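See structure below.
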Amino acid sequence: MALRTRNLRFIIACMLLLSFFALSSAAQQKTESSPKPKVRAITAFINLDRARYQIQISETLQFLKYVQTVFESRGYVVETLRIATQPFPEYAMSLPHNEAMQFFKDLDGLAQQDHVILSIGPAYLSGEDGDAQTDLLAEILQNTKSINGAVFVTKDDNVNWPAVKAAARVIKKLADTTPHSEGNFRFAAIASVPPYSPFFPAGYHTGTGHQFTVGLESANTVAAAFQNAPDIPTARRRLLDLFIQQSFDVEELASRADREQGWTYLGLDLSPAPAKDASIGAAIEALSHQPIGTSGTLTAVATITSTFKDIGARKAGYSGLMLPILEDPRLAERWNNGLISLDVLLSYSAVCGTGLDTVPLPGDTSLDTLARIIGDVASLSVKWNKPLSARLLPVAGKRAGDQTEFTDPNLLNVTIQPLPAAAR
């Protein structure tokens, strides 16, 4: 009897051990099969000093390349290194116009030489001398290639209507004066967007500088979580597990750079940025089982954003859902089919989004119409106290039904959709 009992215990122990190894193996396979997202941006924030900007850019780039090496040593692909400054009026508005333009052309040349993307921050952050700021910003973007900028269209929890109109003027000027109207890819009207976003054109800072944040291209992570999920709670749990794993991995690597280089890590923008080979649109449809723009989409996008709120890692920027029409093949397809429109995108922004991102418009879209669109984004931002932006791309010479002819490798070409007749 005692022998039989010992044998039985031995068998049970073996079964438990086998179960443990099976579970461990399954967990390991799950981790290994989880997609490792690309690092879309490692963004450093500096207080630019015109007297020594060349040294500053060189030192900052040296730091960024160190962080890039740290991430690449763990198997990440780093796509871009970026530098954002304090709002440009703080170091440019005191200059004579010709000197200011030459300074930004020289700064742009340095950025192109070093293969780094720059954001010079927003106009209208203070609300003073706003028209002169936005006029200068439009000319800077018109005459450079690697510089990004923005206009802040909210102030003190209200819509800043003069800034809304100024942002519309910048968009119109860049549409009319840059090749294929692509200058607006580097400009956004931003509403309630906090400092330290790693994603451009919204990146800026208002502090001491010497800080950095990270943004991932993690649309494929969302797709992996949603693939074959039997229901929304399961999909959400899978997504939470994957994002916790990835966000804390990023935090570990970024904290290493913080300790060893003396730059302060401020957080990760959890927004799952898409790309041509990483579609957030396809991920959303994997959960809703319906084309984007139809019933079920709102639930899917709300599920994604609500998941981010439960992640305890340090967050930066939007940490929302990006739906850039011209950067995501599935979104572009649904746009061409007429399933996605400005109003549809705004409705999604109410629960999850980052606003109107890379939306193509007819070239004859009026200033008043642009201002109304930007005003809607700003009003929504104020109502729900959330960061939103409008990156609108009216294409000069193109009408509804025409195909865009963008040459930027980051942009897809789509069919321009008509605006309501009363809105033009």
Checklist entry - Quick one: if you stick a label point 7 Å off each Cα along the C-beta vector at T177 and E72, how many nm between them? => result 3.8
Checklist entry - Among L298, L388, what is the fewest-to-most ranking by other Cβ atoms within 10 Å? => result L298, L388
Item to check | Amide H within-cut-off set for K315, under 5 Å, with H built and near neighbours excluded | outcome: L268
Checklist outcome for this item: Exposure-ranked with fewest Cβ neighbours within 10 Å first, S94, S126 stand as S94, S126
Item to check | Low-density loop cleavage sites - trypsin sites (Lys or Arg not before Pro) in region 349-414, where at most 12 other Cβ are within 10 Å (DSSP) | outcome: R399
Checklist entry - Restricting to the chain, what percent of DSSP beta bridges are antiparallel, rounded to 5? => result 30
Item to check | Cut-off under 5 Å, modelled amide H: who pairs with Q211 long-range | outcome: F45, T264
Checklist entry - Mind listing which GluC sites (Glu not before Pro) in region 298-405 are in a DSSP loop and have 15 or fewer other Cβ atoms within 10 Å? => result E405
Item to check | Projected label distance in nm at S94 and A400, using a 7 Å step from Cα toward the beta-carbon | outcome: 5.0
Checklist entry - Which order results if M101, M322, M93 are arranged by neighbouring Cβ count within 10 Å, fewest first? => result M93, M101, M322
Checklist entry - Say R0 is 41 Å: what FRET efficiency, to the nearest 0.05, do S295 and E59 get from their beta-carbon distance? => result 0.20
Checklist entry - Per the Debye formula with a single identical scatterer at each Cα and no solvent contribution, what log10 I(q)/I(0) holds for the chain at q = 0.11, 0.12, 0.13 Å⁻¹? => result -0.81, -0.95, -1.12
Checklist outcome for this item: Hull surface over four for the Cα convex hull of region 305-375, reported in nm², is 5.9
Next on the checklist: Could you work out [θ]222 nm for the chain from helices alone, using -39500 (n - 2.57) per DSSP H run of at least four and dividing by all its residues? Round to the nearest 500 deg cm²/dmol.
Outcome noted: -15000 deg cm²/dmol
Checklist entry - What is the distance, in nm, between label points placed 7 Å from the Cα along the Cα-to-Cβ direction at S366 and at T234? => result 5.3
Checklist entry - So who's got an amide H within less than 5 Å of the one on A273, skipping anything under 5 residues away but keeping other chains? H placed 1.01 Å off N, in plane. => result L216, S218, A219
Checklist outcome for this item: Total charge of the residues flanking A138 in space, meaning their Cβ is under 12 Å from its Cβ, with Lys and Arg +1 and Asp and Glu -1, is 0
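Throughout, read-outs are computed from the coordinates displayed, never taken from laboratory work. Predicted, not measured: the structure shown is a model, and the values here were computed from it. Cβ coordinates were reconstructed from backbone atoms using ideal geometry, including for glycine residues, and neighbour counts include every protein chain displayed.
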